[in-house]
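Some notes on the structure that comes next.
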Amino acid sequence: MVNRSRPGVQKTSVARSQRIKQPVGSSIVVNGILVLAGIYFLLPIVWVLIAATKTPGQLFNSFGLWFSDSPQAWQNLVNVFTQDNGIFSVWILNSVLYAAVGAFVAMAISAACGYALAKYVFRGRETLFSIILGGVLVPATVIALPLYFLLNSVGLTGTYWAVLLPSMVSPFGVYLARIHANAAVPDEVIEAARIDGAGDLRIFGSIATRMMMPALVTIFLFQFVTIWNNYLLPLVMLNKTETFPITLGLTLWNSQTQRDPMFYQLVVTGSAVSAILLVILMISLQRFWKADLTAGSTKG
Amino acid sequence: MALTASRPKRRFRPALWVLTLPFVIMFALFFIAPIVYAIVDSLFSTKASGLGFGAPEKVFVFLDNYAAALSNPSFVESLGRLLLFSLIEVPLMVVTALGLALLLESARARWPRFFRVLYFVPYGVPGVIAALLWGFLYIPATSPVLQGLAAVGIDVNPLSSSGVLFAIANIALWGFAGYNMLILIAALNAIPSELYEAARIDGASEWSITWNIKLPLVRPSVILVTVFTIIGTLQLFVEPLVLRPLTTAISSDYTPNLAAYNQSFAQGNPSLAAAMAVIVALIGFVFSFGFLRLVNRKGNRAW
């Protein structure tokens, strides 16, 4: 499925060579729309980067898309990182911890399960897969509230585990892993390794995982962003600010803007910092986003 | 979908258990158990005992909580609002993502790779932060867009009671259109180039290639994106929660999820909240499967 993107490369070059024949007018329209869409997608990010250089007063009194006469980006950053004894850096670290650990475990266990579903024949296999697929269709918000009462009964709420453990389950990851194991790990390779005396777990751990690497990276990234962006789960589970991820922390500050307008600037600069962090991550990892995995998966 | 079984292996393998059990156990604990708990809990109600002394006890009330939820006018209203939101958001999302994918993949696009990354970037911005940012862009004091429009005599208030659903839909569109576009671009890339060449030799126009080749062949991915968007819209919670302090148009039970959250934590009625959550999940299943059935008629299976 991943390799299907190859013919696409040729296709574009074929299409490119035909460009000469096309009228100039429609080219202007197409690129005009693309530029307008680009402005739309950039607008909030550009706004927050500029707003992060302003004083709280200027935030409301100056034109939003241009810098003020006395930019104070550094001062704002210092304020964000020193407010409440530097709680902001704790929130960033928490977010990284939740997202990285949760996504790594999610990747490992969904890869193993997806591989087993693809390569072993056992009773109830399709039933199990259907149940897991059904899990993809359950809105996360439906799970979070009852999960709070369940975890509360075993005393886990308010701890890191309350957010970490549920984040380790990705039914969509199992789905992707199964599709990809079917496509990328040939049965012949498994048989050959068996004849060479390799155990099943060794075959999975050192041969199959390597062949499934593009799918593993996709599962990890998908789950990383899902956990990083999650709000409801930490909102219901956590009560101590030092366990908050960045999303929860920023809304905590946002709720204090009524009391003290100083907090507007903290929210704006904090949002800018966290947006930049993820935008850098997204752009640098862009080539690993194998969306063709998700697309190819529906064809079979 | 690649459901075809690979060739049978040996009957029993301990490795099979080692590979499947970690996920299955976690899935059972953190996915199945909460759902079962919610369903069971929604059939009970916490009642104070006789004279108000002693611990309150759980009483089996069968469907009373569902009746209570569905006879609560503001909850029914929030369900209607959620359906309306889906009606706005799903077509908007699918058309935008598909339109951008087709434009970027057309021969006329100048910097397709650059724009592809640009459109994808908002996916990395958490929904909460996206809502905070758009919140600033929705109030005249801080929004350059509204200020610009006001300067030319157009007064819009995105947070008025008639506009706020669109304001929320815009935040969701901004965040997820780029991701959905990537899925569709990958599907477009998978179409063999011979098809285009053959069509061009036959004298087909770009429009007719788009309409007769590209769209039918990316149909499964369009269906995938639609189902994911339907499920996404049913989760509506964060955006109204963040925008609420900015407008009176958003009540504390604006969406079913907000209502359930309030019943759980503010009103102390988790059983009613569980019933509300189950209702939302049921609507999700009905919508997803209804949609899949609709598009899978005529033996045209996508899933």
Review point. Any chance segment A:192-212 includes a residue that's within 23 Å of the chain's Cα centre (by Cα), under 24 Å from A:Val225 (Cβ atoms) and open to solvent by less than 20 Å² (accessible area, probe 1.4 Å)?
Key: yes
Review point. Is it true that some residue in segment B:46-68 is within 24 Å of the chain's Cα centre (by Cα) and either within 14 Å of chain A (Cβ to nearest Cβ) or part of a helix (DSSP H, G or I) (or both)?
Key: yes
Practice item. Identify, by number, the condition in (1) assigned to a helix (DSSP H, G or I); (2) within 7 Å of chain B (Cβ to nearest Cβ) that A:Val90 doesn't meet. Key: (2)
Review point. What pairs can you find where one residue is in segment A:149-160 and on the phi < 0 side of the Ramachandran plot, the other is open to solvent by 50 Å² or more (accessible area, probe 1.4 Å) and part of a helix (DSSP H, G or I), and their Cβ atoms are less than 6 Å apart, with a gap of 6+ or different chains?
Key: A:Leu150/B:Tyr37
Check your understanding: Got a sec? Which helices (runs of 4 or more DSSP H) wholly within segment A:122-171 have at least 2 residues that are more than 8 Å from chain B (Cβ to nearest Cβ) and within 15 Å of A:Met237 (Cβ to Cβ)?
Key -> A:140-153, A:160-167
Check your understanding: For segment B:274-286, which residues satisfy the criterion of being at the interface with chain A (Cβ under 10 Å from one of its Cβ atoms), crowded, with 18+ Cβ neighbours inside 10 Å and either over 14 Å from the mean Cα position of the chain (by Cα) or within 17 Å of B:Pro220 (Cα to Cα) (or both)?
Key -> B:Ala274, B:Met276, B:Ala277, B:Val278, B:Ile279
Point to revise | Residue among B:Leu21, B:Leu98, B:Leu79, B:Leu102 that is within 12 Å of chain A (Cβ to nearest Cβ), open to solvent by less than 70 Å² (accessible area, probe 1.4 Å) and touching a helix residue (DSSP H, G or I) at 6+ places or on another chain (Cβ under 7 Å) | key: B:Leu102
Exercise for review: Quick one: count up the residues across segment A:95-115 that are open to solvent by 10 Å² or more (accessible area, probe 1.4 Å) and more than 14 Å from A:Val169 (Cβ to Cβ).
Suggested key: 3
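Limited to segment A:26-59, what total is found for residues that are more than 28 Å from the chain's Cα centre (by Cα), facing chain B (nearest Cβ under 7 Å) and in contact (Cβ under 8 Å) with a residue 12 or more places away in the chain?
As a first pass, look at segment A:26-59 and keep what is more than 28 Å from the chain's Cα centre (by Cα): A:26-32, A:54-59.
Going one step further and asking which of them are facing chain B (nearest Cβ under 7 Å), we end up with A:26-27, A:30-31, A:59.
Those left that are additionally in contact (Cβ under 8 Å) with a residue 12 or more places away in the chain: A:59.
Residues that pass the stated criteria total 1.
Here is a check on your reading of the model: is B:Ser271 open to solvent by less than 50 Å² (accessible area, probe 1.4 Å) and more than 9 Å from every other protein chain (Cβ to nearest Cβ)?
Yes, satisfied.
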Review point. Checking B:Leu137 against (1) open to solvent by 30 Å² or more (accessible area, probe 1.4 Å); (2) within 30 Å of A:Phe222 (Cα to Cα), which single condition isn't satisfied?
Key: (1)
Exercise for review: Working only within segment A:68-80, note down all residues that are modelled with pLDDT of 75 or more and open to solvent by 90 Å² or more (accessible area, probe 1.4 Å).
Suggested key: A:Trp74
Check your understanding: In segment A:178-207, how many residues are touching a residue at least 12 places away in the same chain (Cβ under 8 Å) and within 10 Å of chain B (Cβ to nearest Cβ)?
Key -> 11
Exercise for review: Scan segment A:48-87 for residues that are in a loop (DSSP other than H, G, I, E, B) and under 24 Å from B:Ala141 (Cβ atoms) and report the count.
Suggested key: 16
**Study point:** A:Thr257, sole failed condition from (1) within 22 Å of A:Phe81 (Cα to Cα); (2) at pLDDT below 90; (3) in contact with a helix residue (DSSP H, G or I) (Cβ under 6 Å, 6 or more places away or on another chain); (4) away from chain B (no Cβ under 11 Å)
**Key:** (4)
Exercise for review: Among what's in segment B:116-169 and is under 29 Å from A:Phe224 (Cβ atoms) and of a type in the set (Ser, Thr, Tyr), pick the residue that is farthest from the other protein chains (Cβ to nearest Cβ).
Suggested key: B:Tyr123
Practice item. Of all residues in segment B:174-211, count the ones that are within 31 Å of the chain's Cα centre (by Cα), open to solvent by 20 Å² or more (accessible area, probe 1.4 Å), within 12 Å of chain A (Cβ to nearest Cβ) and hydrophobic (A, V, I, L, M, F, W, C). Key: 3
Exercise for review: Looking for whichever is modelled with pLDDT under 95 and closer than 23 Å to A:Phe244 by Cβ here; the options are A:Gly135, A:Gly124, A:Gly86. Which one fits?
Suggested key: A:Gly86
Review point. What single numbered condition from (1) open to solvent by less than 10 Å² (accessible area, probe 1.4 Å); (2) in a helix (DSSP H, G or I); (3) without any contact (Cβ under 8 Å) to a residue 24 or more places away in the chain fails to hold for B:Thr142?
Key: (2)
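The values are calculated or read from the model by the stated rules, or taken from the named source; none is laboratory data. Because the structure is a prediction, the values reported are computed rather than measured. Note: ideal-geometry Cβ built from the backbone for every residue, glycine included; neighbour counts use all protein chains shown. Surface accessibility is based on the protein's heavy atoms, side chains included, excluding ligands, DNA and RNA. Shrake-Rupley method; radii C 1.70, N 1.55, O 1.52, S 1.80 Å.
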